[in-house]
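Engineer: Here it is: the structure, laid out below.
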2 protein chains.
Amino acid sequence: MTTDARSQDPLCTELTRTPGAARGGPISHAVSRVARLHRVAAGRLLRATGLYAGQEILMMHLWDAGAVRQSELIKALELDPSTVTKMLQRLEQAGQVRRRPDPADRRASLVEATEASCALHEAVEAAWNDLEEKTLAGLTPQERAELARLLNKVEANLCPMAAEEDCPGA
Amino acid sequence: MTTDARSQDPLCTELTRTPGAARGGPISHAVSRVARLHRVAAGRLLRATGLYAGQEILMMHLWDAGAVRQSELIKALELDPSTVTKMLQRLEQAGQVRRRPDPADRRASLVEATEASCALHEAVEAAWNDLEEKTLAGLTPQERAELARLLNKVEANLCPMAAEEDCPGA
DNA sequence: AGAGTTATGTTGGTCGGCCAAGTAATCCGA
DNA sequence: TCGGATTACTTGGCCGACCAACATAACTCT
């Protein structure tokens, strides 16, 4: 009896409850939740393409830029180098990506999307558009713009911390 | 010449460039980025407590609710059961959490925070507050409220997809 | 030229998180 | 009563992502 009522509740349409953890940081909490849901949704939409959530962004960069130095990719995606290494290993194994040593710098390697991967290009863009639309359903253009603006501000706030330690600088 | 100019840019202070992948879904892209940065920031702030990003929310629920059925926790956090199982195993090993079988239902187990963990309570809340403030620095109360509102809308949009398949339902 | 510093990637380990299967207990209906 | 759902949790596998430590190769500076 205690907890039966909600099982009927088909969705989370009513989010009014205070989930406990939300007190000390309601927005942080919302960000976590949205982040997770968004990633899961992306994964689901991408599933048909055989890509996993996260890989699509890398591939898009590659489709966009052609052959790129791995270090460029790392900077562009702002991910940890080791993360990119492993993603590339998997994508290479999956035949989506090719790597070859950079003749100009024997440390570096050049990465590019394979021809095979180009077949996915469209599907991935479609999935991405779909995701965007599902994410923003019911938001007016103004709201979308505002959300974009606020997210950018938040990103700028969070960025420095990731970059180094802090940049209270002044 | 296609992509050389940007390599000099030290940080993300200027986000104006179009990173390629952002075209088809600018907000999805922003969400991914913010999500990652936010999680990293949380991890950094939590580091001192010995908790990893994600665990704090679970602990908060536990501190808040006392002994809880694991299934309740799963519903509250809206995570995959297996995720919670593994988190609890690690937290248990770390001494933050205790589990015992539920006498009323031999399948279930009851979870609660250990006394030791309560020492972290304050530090975690502090970290969480800190995170919230760093995240929202420079946003007016109105902007914060608007962001919260928009995130909730987005969450509601994304939720149904995770729940089942879709709920286009009228 | 040789030593020290920086840049590029890689490996190994740990986490959160998901999915797919599987086990065990409870519930429910014929 | 008894056999089929349903519920509760676990296991194994895989991914993205991090960090720390490392090996190479390239620069730089005396």
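Engineer: What gaps in nm, shortest first, separate A:GLY138 from its twins in the other copies when you place the label 7 Å past Cα toward the beta carbon?
Structural biologist: 3.1
Engineer: Using a 1.4 Å probe and counting only protein heavy atoms, arrange A:VAL40, A:VAL34 so the residue with the most accessible area comes first.
Structural biologist: These residues rank, largest area first, as A:VAL40, A:VAL34.
Engineer: Right, here's the next one. Can you work out the accessible area per residue across segment A:19-94, with the rest of the protein chains kept in place, probe 1.4 Å, in square angstrom?
Structural biologist: 44 Å²
Engineer: Around B:LEU88, what is the net charge, scoring Lys/Arg as +1 and Asp/Glu as -1 over all other residues with Cβ under 15 Å from its Cβ?
Structural biologist: Values: positive: B:ARG69, B:LYS75, B:LYS86, B:ARG90, B:ARG98, B:ARG99, B:ARG100; negative: B:GLU56, B:GLU72, B:ASP80, B:GLU92, B:ASP102, B:GLU112.
Counting the neighbours of B:LEU88, the net charge comes to +1.
Engineer: If you don't mind, another one. Between segment B:20-85 and segment A:108-148, what's the alpha-carbon centroid distance in Å?
Structural biologist: That distance is 24 Å.
Engineer: For the rotation bringing B onto A, which B residue has its Cβ nearest the axis, and at how many Å?
Structural biologist: Nearest to the symmetry axis by Cβ: B:ALA35, 2.
Engineer: Which of rounded, prolate, oblate describes segment B:95-135, given a ≥ b ≥ c as roots of the alpha-carbon gyration tensor eigenvalues and a/c under 1.5 marking rounded, otherwise prolate only if a/b is larger than b/c?
Structural biologist: Details: a/c = 5.79, a/b = 2.58, b/c = 2.25.
It comes out prolate by the Cα gyration axes.
Engineer: Give me a comma-separated list of calculated 3J(HN,Hα) values for segment B:145-156, in order, Karplus coefficients 6.51, -1.76, 1.60 applied at θ = phi - 60°, integers in Hz, x for any Gly or Pro.
Structural biologist: Rounded to whole hertz, the list is 4, 5, 4, 4, 4, 5, 5, 5, 4, 4, 4, 4.
Engineer: Let me make sure I get this right: for segment A:21-170, a, b and c are the square roots of the gyration tensor eigenvalues over alpha carbons, sorted descending. Under 1.5 in a/c it's rounded, otherwise prolate if a/b > b/c, else oblate. Which is it?
Structural biologist: Verdict is oblate for segment A:21-170.
Engineer: Taking B:HIS121 in one copy and the same position in all the others, each labelled 7 Å out along Cα→Cβ, what are the pairwise distances from the first, in nm, shortest first?
Structural biologist: Copy-to-copy label distances at B:HIS121, shortest first: 5.8 nm.
Engineer: State, to one decimal in nm, how far the label point of A:ARG107 lies from the label point of A:ARG47, with both points 7 Å from Cα in the Cβ direction.
Structural biologist: According to this spin-label approximation, the distance is 4.3 nm.
Engineer: Using a probe radius of 1.4 Å on protein heavy atoms only, what is the accessible area buried between chains A and B, both sides summed, to the nearest 100 Å²?
Structural biologist: Counting protein atoms only, the buried area is about 6600 Å².
Engineer: Using the structure shown, select from A:LYS153/B:LYS134; A:LYS75/A:LYS153; A:LYS153/B:LYS153; A:LYS86/B:LYS75 the pairs with a Cα to Cα distance greater than 22 angstrom.
Structural biologist: From the list (A:LYS153/B:LYS134; A:LYS75/A:LYS153; A:LYS153/B:LYS153; A:LYS86/B:LYS75), the Cα-Cα distance tops 22 Å for A:LYS86/B:LYS75.
Engineer: Related question: Counting only protein chains, not ligands or nucleic acids, how are A:SER28, B:SER32 ordered by accessible area (probe 1.4 Å), most first?
Structural biologist: Largest accessible area first, the residues go B:SER32, A:SER28.
Engineer: At a 1.4 Å probe, what is the % contribution of carbon and sulfur to the accessible area of segment B:48-92?
Structural biologist: C and S fraction of accessible area: 51 percent.
Engineer: Tell me the distances, shortest first, between A:ARG100 and the same position across the other copies, using label points 7 Å along Cα→Cβ, in nm to one decimal.
Structural biologist: 6.7
The values are calculated or read from the model by the stated rules, or taken from the named source; none is laboratory data. Here the structure is a predicted model, which means the values were calculated and not measured. No Cβ is skipped: glycine too gets one built from the backbone with ideal geometry, and neighbour counts run over all protein chains shown. For accessibility, only protein heavy atoms count, side chains too; no ligands or nucleic acids. Shrake-Rupley method; radii C 1.70, N 1.55, O 1.52, S 1.80 Å.
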